[in-house]
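The values are calculated or read from the model by the stated rules, or taken from the named source; none is laboratory data. Being a predicted model, the structure only gives us computed values, none of them experimental. Here Cβ is always computed from backbone atoms with ideal geometry, including for glycine, and neighbour counts include all displayed protein chains. Accessible surface areas use protein heavy atoms only, side chains included; no ligands, DNA or RNA. Shrake-Rupley method; radii C 1.70, N 1.55, O 1.52, S 1.80 Å.
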Amino acid sequence: LDGLYCLSETAKTYCEEVYGAVNGKCAVSRLGVDLPINPSKPSTLKNFSIVSTSFIVPVKRIDKIINSVALFASTNTRLNISWVHIGDGPLTNEMMKLAEKQLARQQNVSFSFLGSLSNKKVLKFYQENNVDCFLNASESEGIPVSIMEAMAAGIPAVAPDVGGISDLISDECGVLMSKQANIDEIVDALGSIDDSRHTANLRNKSREVVGLFFNRVTNYRWFIQSLEQL
């Protein structure tokens with residue numbers, strides 16, 4: 001091979017340790033997104049808004065998200081909590097029934113499944129709605145563009161340390177959980193976001209990380225230039 005390009009430091013390390021990829025020929029070429037001019041705004045103190053975006057398939061663990069939101073709501077009755085999921089899949093009906101069972105009986109929770117939306121509509125949703133936290137509970141990931149887009153909009157993210165997510169999330173811009181985060185850990189992470197969401201640091205840092213490391217224009221220009229030099 002003349003060059004091996006990985007999407008994250010985690011993938012690069014894996015290729016070097018498992019397959020003996022030569023460091024000089026193995027490089028990180030990150031994906032990227034645009035930084036919206038108008039970022040999302042936080043909710044008022046009495047409201048807390050959570051968004052998740054994914055196909056509704058077993059590996060995405062939407063059931064874990066539902067149960068976590070239910071527990072978070074029951075232990076934070078001072079908050080009016082909303083959860084919106086963007087995306088659909090083979091488990092949509094099953095997850096809607098679970099959400100109805102776990103969340104509908106709690107007076108301080110509202111939820112909605114928006115189905116599959118175009119990328120443009122997802123970004124528009126972030127700009128037109130107050131969003132306090134992006135939540136991911138997947139068992140396996142690459143390095144999710146969905147998290148990049150949320151962070152670019154100034155939305156702190158909570159996600160497990162799987163795949164290349166650790167390249168994106170740190171304590172400075174969200175909560176990086178353990179690889180198999182349980183419901184209690186997710187609830188604690190949501191509480192951490194709630195505690196700090198009205199200070200600008202967390203939201204500003206989310207945008208800063210994307211601007212520095214996951215900027216579409218910068219990253220793709222570098223990739224093209226690197227290919228031309230081979």
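Contact order normalised by length for the chain, with contacts defined as Cα pairs under 8 Å and 6 or more residues apart; what percent is it?
Result for the chain is 25 percent.
Subtract the Cα-Cα distance of residue 38 and residue 172 from 0.36 nm times their separation in residues, and report this length gain in nm to one decimal.
So the extension gain works out to 46.1 nm.
With no solvent and one equal point scatterer placed on each C-alpha of region 57-106, evaluate the Debye formula and give log10 I(q)/I(0) for q = 0.18 Å⁻¹, two decimals.
Computed log10 I(q)/I(0) values: -0.55.
Give me the 1.4 Å probe accessible area per residue for region 1-80, excluding ligands and nucleic acids, in Å².
With the other protein chains kept in place, region 1-80 gives 54 Å² per residue.
Probe radius 1.4 Å, ligands and nucleic acids ignored: give me the carbon and sulfur share of the accessible area of region 1-84 as a rounded percent.
Carbon-and-sulfur percentage of accessible area, whole number: 58.
For region 90-230, report the % of Cα-Cα distances exceeding 17 Å.
Roughly 67 percent, once rounded to a whole number.
Multiply the residue separation of residue 130 and residue 104 by 0.36 nm, subtract the distance between their alpha-carbon atoms, and state the gained length in nm to one decimal.
Net length gain for the segment: 7.2 nm.
Would you please give the FRET efficiency between residue 17 and residue 225, computed as 1/(1 + (r/R0)^6) with r the Cβ-Cβ distance and R0 = 25 Å, to the nearest 0.05?
It comes out at approximately 0.35.
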